[in-house]
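**Student:** A single structure is presented below for examination.
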């Protein structure tokens, strides 16, 4: 009879897969629980941006560390994980973060209108300066999910986790509809379900739930060879907080508003009509800011967003009697480094100080 793995990971999104991969690289056995298709919850879709910029220098340093781990993943998986398009950031906030990027040794610089047009041929004319992050780019989310799911295929337990509980005997119990199991360590990175599982285990994790949409547009005419990701807080074209990223091949471009839609504590959406309003705002932004796109979306992704109350870029790892619980927002870019830290802690190490909740990562 096969031996049950020592460690369980709950959730096969970006953090769960990165953690299970890091554990496998260490030679640890792992059970990876997922109730649906891997990567189809909060991690769904293309359109994620790898950026170094943040108000907190600790996040900038962690992003640089994560970027190196992404390169290691590319070597192991044999496929590009982050595009070489770079990230163009517009607005006073972007210019204000440049000094921190330079202090941390990030290859980012101020660029003028001519280079902005060169780096982003789909963009309308912009008369000001921007910041170009050379090592940033579009995260190949679908490739990451596909390749790691294949590598970890033997680890999957396709079932819904109903509850986790420290037993008091140095194990953690996992209950699914058909059975229960015990592990020496359990890592919870279950997106919108994280706070619920944590609360059932006796730990209050302050994750705020919201809804979000991201629309994808086709490029009008021939696709450019390269087009930068976009972080726009300039307000030149209406909305003042927009992110956008190219798909592989640069023939499609995904746009999301940073603004999210309110959700009640029970998970119900307060005003479902906001979905249509956000979609229309995204279309209007595309018409004004990105005339190189056909202005009607070919895909609209509806997804959950989880955030911590002290900062939009905040994430943290909680520990509780054999449980490790990860939560936060804007963490696709940090997946390899968070996964490595969780794997180290699950294998007997410690959670790094800056990732503990009391460190308030994200507060400059």
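**Student:** What are the pairs with Cβ atoms under 9 angstrom where one residue, in the range 265-288, is farther than 21 Å from residue 299 by Cβ and the other, located anywhere, is assigned to a loop (DSSP other than H, G, I, E, B)? Sequence gap at least six, or different chains.
**Tutor:** Close Cβ pairs (under 9 Å, with a partner that is assigned to a loop (DSSP other than H, G, I, E, B)) amount to 270/264.
**Student:** Does residue 319 satisfy being surrounded by fewer than 17 Cβ atoms within 10 Å (Cβ to Cβ), in a strand (DSSP E or B) and either at pLDDT 95 or above or within 15 Å of the chain's Cα centre (by Cα) (or both)? Don't jump to the end; show me each part of the working.
**Tutor:** Values: surrounded by fewer than 17 Cβ atoms within 10 Å (Cβ to Cβ): yes; in a strand (DSSP E or B): yes; either at pLDDT 95 or above or within 15 Å of the chain's Cα centre (by Cα) (or both): yes.
Criteria met by residue 319.
**Student:** So, of the residues in the range 12-45 that are part of a helix (DSSP H, G or I) and in contact with a strand residue (DSSP E or B) (Cβ under 9 Å, 6 or more places away or on another chain), which turns out to be farthest from residue 192 (Cα to Cα)? Working first, answer last.
**Tutor:** Step one: of the range 12-45, the residues part of a helix (DSSP H, G or I) are 14-25.
Checking which are in contact with a strand residue (DSSP E or B) (Cβ under 9 Å, 6 or more places away or on another chain) leaves us with 14-17, 19-20, 23-24.
Details: 14: 13, 15: 13, 16: 13, 17: 16, 19: 18, 20: 19, 23: 23, 24: 25 Å.
Per the stated criteria, the residue is 24.
**Student:** Continuing with this model, one more query. I'm told residue 297 meets every condition in (1) at pLDDT 95 or above; (2) more than 17 Å from residue 64 (Cα to Cα); (3) not in a loop (DSSP other than H, G, I, E, B) except one. Can you identify the failing condition by its number?
**Tutor:** (3)
**Student:** Checking the condition part of a loop (DSSP other than H, G, I, E, B) and either surrounded by 15 or more Cβ atoms within 10 Å (Cβ to Cβ) or assigned by TED's automatic domain parsing to the domain that holds residue 92 (or both), which residue from 210, 223 passes? Even if it seems obvious, please write down each step before you answer.
**Tutor:** Numbers: 210 fails: part of a loop (DSSP other than H, G, I, E, B).
Just a single option satisfies the conditions, and that option is 223.
**Student:** A further question on this structure: Only one of 61, 71, 48 is free of Cβ contacts under 8 Å to residues at least 60 places away in the same chain, closer than 27 Å to residue 214 by Cβ and either in contact with a strand residue (DSSP E or B) (Cβ under 6 Å, 6 or more places away or on another chain) or outside the structural domain of residue 188 (by TED's automatic domain parsing) (or both); which?
**Tutor:** Details: 61 fails: closer than 27 Å to residue 214 by Cβ; 48 fails: free of Cβ contacts under 8 Å to residues at least 60 places away in the same chain.
None of the others qualify; the one that does is 71.
**Student:** Right, next: Can you pull out every residue in the range 258-269 that is assigned to a loop (DSSP other than H, G, I, E, B) and surrounded by 12 or more Cβ atoms within 10 Å (Cβ to Cβ)?
**Tutor:** Within the range 258-269, the subset assigned to a loop (DSSP other than H, G, I, E, B) is 258-260, 264-268.
Passing the criteria: 258, 259, 260, 267.
**Student:** What number of residues in the range 321-337 are under 14 Å from residue 23 (Cβ atoms) and in contact with a strand residue (DSSP E or B) (Cβ under 6 Å, 6 or more places away or on another chain)?
**Tutor:** Final tally of qualifying residues: 2.
**Student:** Another question, then. Output the residue which, of all residues in the range 322-332 that are buried (at least 23 other Cβ atoms within 10 Å of the Cβ) and in contact with a helix residue (DSSP H, G or I) (Cβ under 6 Å, 6 or more places away or on another chain), is nearest to residue 27 (Cα to Cα).
**Tutor:** Result: 324.
**Student:** Hey, which of the helices (runs of 4 or more DSSP H) in the range 80-181, taking only ones fully inside, have at least 3 residues that are surrounded by fewer than 20 Cβ atoms within 10 Å (Cβ to Cβ) and under 20 Å from the mean Cα position of the chain (by Cα)? Let's see the steps before the verdict.
**Tutor:** Values: elements: 92-103, 113-119, 141-151.
In the range 80-181, 141-151 are the helices (runs of 4 or more DSSP H) which contain 3 or more residues that are surrounded by fewer than 20 Cβ atoms within 10 Å (Cβ to Cβ) and under 20 Å from the mean Cα position of the chain (by Cα).
**Student:** Restricting to the range 207-221, count the residues that are within 29 Å of residue 120 (Cβ to Cβ) and in contact with a helix residue (DSSP H, G or I) (Cβ under 6 Å, 6 or more places away or on another chain).
**Tutor:** We begin by selecting, within the range 207-221, every residue within 29 Å of residue 120 (Cβ to Cβ); these are 210-221.
If we keep only those that are in contact with a helix residue (DSSP H, G or I) (Cβ under 6 Å, 6 or more places away or on another chain) as well, we get 213, 215, 217.
Within the range 207-221, residues that are within 29 Å of residue 120 (Cβ to Cβ) and in contact with a helix residue (DSSP H, G or I) (Cβ under 6 Å, 6 or more places away or on another chain) number 3.
The values are calculated or read from the model by the stated rules, or taken from the named source; none is laboratory data. Just so it is clear, the model here is predicted, and its values are computed rather than measured. Cβ: placed from backbone, ideal geometry, glycine included. Neighbour counts: every protein chain shown.
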